[in-house]
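The values are calculated or read from the model by the stated rules, or taken from the named source; none is laboratory data. Every value quoted in this text rests on a predicted model; they were computed, and no experiment measured them. Glycine gets a Cβ as well: all are built from the backbone with ideal geometry, and neighbour counts include every protein chain shown.
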Amino acid sequence: MKIKDQSDIRKLLSGVKMPNMYTVKQKFDTSHIEDAAAYVRERLSCSDLKNRIRPGMRVVLTGSSRQISNANIILREIAGLCEAMRRPARDCPWNGKPRRRHR
């Protein structure tokens with residue numbers, strides 16, 4: 001790649017004091033989780049989430065896959081757990097009744 005002449009930029013910035021620049025090296029953790037789904041299920045089973053979601057509640061999940069490997073698996077497992085927890089038990093009095101939709 002050829003670097004073009006930058007004399008015009010240097011003229012524009014001639015009166016601007018630029019901050020000191022430093023080279024930074026960043027090291028990322030290279031460890032990984034073999035079974036992401038099992039790990040998420042394990043972590044969620046130890047969390048306080050079961051006390052916060054009750055049968056019949058509506059739950060909204062959002063997520064971004066940017067820089068997260070297996071984001072689809074992680075969200076799928078969280079959604080599965082939330083769905084299992086919000087389902088009414090068989091002996092609940094409202095089981096089987098149609099739910100009203102709010103508009």
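Identify, from the list 44, 49, 61, the residue that is touching a Leu at 6+ places or on another chain (Cβ under 9 Å), aliphatic (A, V, I, L, M) and modelled with pLDDT under 80.
After ruling out the rest, the residue left standing is 49.
Among the residues of the range 47-76, just one is in contact with a helix residue (DSSP H, G or I) (Cβ under 7 Å, 6 or more places away or on another chain) and of a type in the set (Lys, Arg), namely 50. So, in the range 13-33, of the ones that are among the hydrophobic types (A, V, I, L, M, F, W, C) and farther than 29 Å from residue 67 by Cα, which residue ends up surrounded by the most Cβ atoms within 10 Å (Cβ to Cβ)? In this case the residue turns out to be 13. Screening the range 51-70 for residues that are more than 18 Å from residue 36 (Cα to Cα) and touching a residue at least 24 places away in the same chain (Cβ under 8 Å) and picking the one that is nearest to the chain's Cα centre (by Cα) gives 59.
The number of residues in the range 1-12 that are in a loop (DSSP other than H, G, I, E, B) and either hydrophobic (A, V, I, L, M, F, W, C) or under 30 Å from residue 69 (Cα atoms) (or both) comes to 2. Please give the number of the condition residue 73 fails out of (1) among the β-branched types (Val, Ile, Thr); (2) part of a loop (DSSP other than H, G, I, E, B); (3) in contact (Cβ under 8 Å) with a residue 24 or more places away in the chain. Unmet condition: (2).
Among the residues of the range 34-46, just one is without any contact (Cβ under 8 Å) to a residue 24 or more places away in the chain, of a type in the set (Gly, Ala, Ser) and surrounded by 11 or more Cβ atoms within 10 Å (Cβ to Cβ), namely 38.
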